[in-house]
Structures are given as structure tokens and as C-alpha cells.
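The values are calculated or read from the model by the stated rules, or taken from the named source; none is laboratory data. Keep in mind that this is a model prediction, so the values were computed, not measured. Counting neighbours? That spans all protein chains shown, and the Cβs are built from the backbone with ideal geometry, glycine included. Just so you know, the surface numbers come from the protein's heavy atoms only, side chains and all, with ligands and any DNA or RNA stripped out. Shrake-Rupley method; radii C 1.70, N 1.55, O 1.52, S 1.80 Å.
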Amino acid sequence: MVFHPHIRTFAPMKKGLVLEGGAMRGLFTAGIIDVMMEAGVEPDGLIGVSAGAAFGCNYKSRQPGRAIRYNKRFAKDSRYSGVKSFLLSGDYFNAQFGYHVVPFKYDLFDIPAFEQNPLTFTVVCTDVETGKAVYHDITHVDYDELEWLRASASMPLASKIVNVGGRQLLDGGVSDSIPLEYFERQGYQRNVVILTQPKGYQKEHNRLMPLMRVALRKYPQMIKAMDERHLMYNRQLDYVAKAEQEGRCLVIRPEAKLPIGHISHDPDEMQRVYDIGRAAGEKHLSAIRRFLAKDGNNL
């Protein structure tokens, strides 16, 4: 049993994996977690935001390589993503095809492995009515649970609002981009945090706010959260830096800006970013093992 002032309760020490989003920058994360899976690294819980959730689900199903494989396969397929998908469905990344067809027909998601793995898998979404974060543990796979996953990765403007669990939801990155503090409150006292921006990065105010105000005009609290997102994100970077300095987390981030945008239809570009992630995973694997193996009483 250990105690940490940021957690405020006594609890058994748990080891976590915190994955921020970043749309296609998430392929950097996919490369790192594939190395971790292949090496048999088993955290107690994983919390993912947006792409961190969409790609991180493969950790619980123990399927390294799956995220890069299906993204490359469908990179130029209008059924998966693109302007045609957006015009026909309202989602740039086609919801039905991506979340309810690909996992069951084209690149099978290992549902039994996912449901049998004791790893706690948490996704972060944003409630558009309150502008606040909503945290949901996915323990099994059905239509609604996959809708929670989709909601976490549904970027404003590029996606329709997702109705699930009695809530209206969008991208979790709007309200809790790097949920280290939340995971610590849940008792995860040693956390590997994977970021998709290099050291020194600071988020700037969203230049698309005029469009956001129109598109989300029915949801003033969501507009407020979007308007202040850069402030929240930069505060979270400060929190992560302090936790890293105190030895509560191990942070892995790209050494330079990743050579990919939020959206990409170039399989070679995707592979390059994934390979950068794999190289980072291999470089830090020994440090990850040592960090997660430490006794919580050393905190």
C-alpha cells in the first residue's frame, strides 16, 4: 500500500499507460506501443484520448501491427476517410465503415483477447453540453462500446456528434488532452506517458474558432472549452513535466515535429511516422521496463 499527495487515498500501486491524441500523429504512439506489446510489457491500465484511444485499444486485444496495417490499407479508400465520406456521412473518417465494418470484416479485432485481458482500458470523450471530460471503461465489445471509442476520436468540424450512453460526445482531447492527473487519481502511481509533440511544444489558440462558434452554436460550454483548449493543454504539459521531474511518470515524445498532419492519405508517410515511433519504443524499452518494475514505495 502506498500514498501519494496527488492521489489522496491509500490504494494498491497500479501501473498505467497514458496516450494523448493527435490524429495521424498517433501512428507514432502506435509504433511505441507495438514495441511494448511485442516485448511483453503489461501495464495494469491504459487511458487513451482520441487517436490514443483508437489505436490503444489494440493493446488490450494484444494486436501489435494492426493500427498501421489498416491505416495503410485504407489510406486512399473513400469508404474509410476523405471528402466523399464527409459529404455523404458528415464524418471525414467514416464511422460505420471504420468502427463497425473494418474490425469485423477486413482487419479482424480480436474480441475474445480484448475481453479476457485484465488490463483496464479507459477512453476520454467530451460532453458537448457541459464541455467537460467523460471517462468510460470499455470492458467488452459491442456496437455501443465501439461508439464510445469513436466519440473519443471524433474531431470537431470533421465529425458529427456521437450519441451514446445518454450523452452527446466529441473528441476527448478538447477537455482532457493528457489525462495523467485523472489516472493518478484512479490509483495509477507509475505511468508511462506518450506524447505526440516534441519537447518545448506549446499549443496556440485554435485559428478555426470562428468556424467552431458557428458549427457548435447550440453548445456554448463546448465552444468555451474549445476556446480555452490551448490553456488547458499547456497547463497539462506543466503537470506532466512536474510529475516527470518527481519520478511519477516516464515521458516518451518525438525528438522533432512529426512529418505528418492531422489527416494523411499517404501510406509511405504513415509508415515513416510509425517507424519513428518504433525507433523511440526500442530506444526507451529498457527504461520503460525499469520504471514499471520499481517498487511504489520508492515514490
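Given 10 Å bins starting at zero, what is the percent of C-alpha pairs of the stretch 180-244 in each, up to the one with the largest pair distance? Percent of pairs per bin, in order: 18, 38, 29, 14, 0. Annotation: average projected area of the chain is 14.4 square nanometres, based on the convex hull of Cα atoms across all directions. Annotation: the antiparallel percentage among DSSP beta bridges lying fully within the chain is about 40.
Think of it as helices only: each DSSP H run of n ≥ 4 in the chain is worth -39500 (n - 2.57), and spread over all residues that comes to -12500 deg cm²/dmol at 222 nm. The modelled label-to-label distance for the pair Gln271/Arg73, using points 7 Å beyond Cα in the direction of Cβ, is 1.6 nm. Annotation: per residue accessible area for the stretch 25-97 equals 33 Å², rounded to a whole number [probe 1.4 Å, protein chains only]. Extension gain for the segment Gln221 to Ala113, taken as residue separation times 0.36 nm less the Cα-Cα distance, is 35.0 nm to one decimal. Nonpolar atom fraction for the stretch 140-299, defined as the carbon and sulfur part of the 1.4 Å probe accessible area, stands at 49 percent. A crude spin-label estimate for the pair Arg207 and His100, with each label 7 Å from Cα along the Cβ direction, gives 3.6 nm.
Summed over the residues of the stretch 116-183 and divided among them, the accessible surface reaches 36 Å² per residue at a probe radius of 1.4 Å. Each residue of the stretch 181-190 is assigned a 3J(HN,Hα), and the resulting list reads 4, 4, 5, 4, 5, 7, x, 8, 9, 10 Hz, derived from the Karplus form 6.51 cos²θ - 1.76 cosθ + 1.60 (θ = phi - 60°), x at Gly and Pro.
Net charge of the neighbourhood of Asn117, taken over other residues with C-beta under 14 Å away and scored Lys/Arg +1, Asp/Glu -1, is -3. When Tyr135, Tyr143, Tyr70 are compared by accessible area at a 1.4 angstrom probe, the order from most to least is Tyr143, Tyr135, Tyr70.
Projecting the Cα atoms of Ala287, Pro267, Gly165 onto the charge dipole of the chain (Cβ charges, centred on the Cα centre) puts Pro267 farthest toward the positive pole. With R₀ set to 25 Å, the beta-carbon distance separating Tyr135 from Glu228 gives a calculated FRET efficiency near 0.80.
Heavy-atom accessible area with a 1.4 Å probe sorts Tyr106, Tyr188, largest first, into Tyr106, Tyr188. Heavy-atom accessible surface of Arg73, to the nearest 10 Å², is about 140 Å², with a 1.4 Å probe and all protein chains retained.
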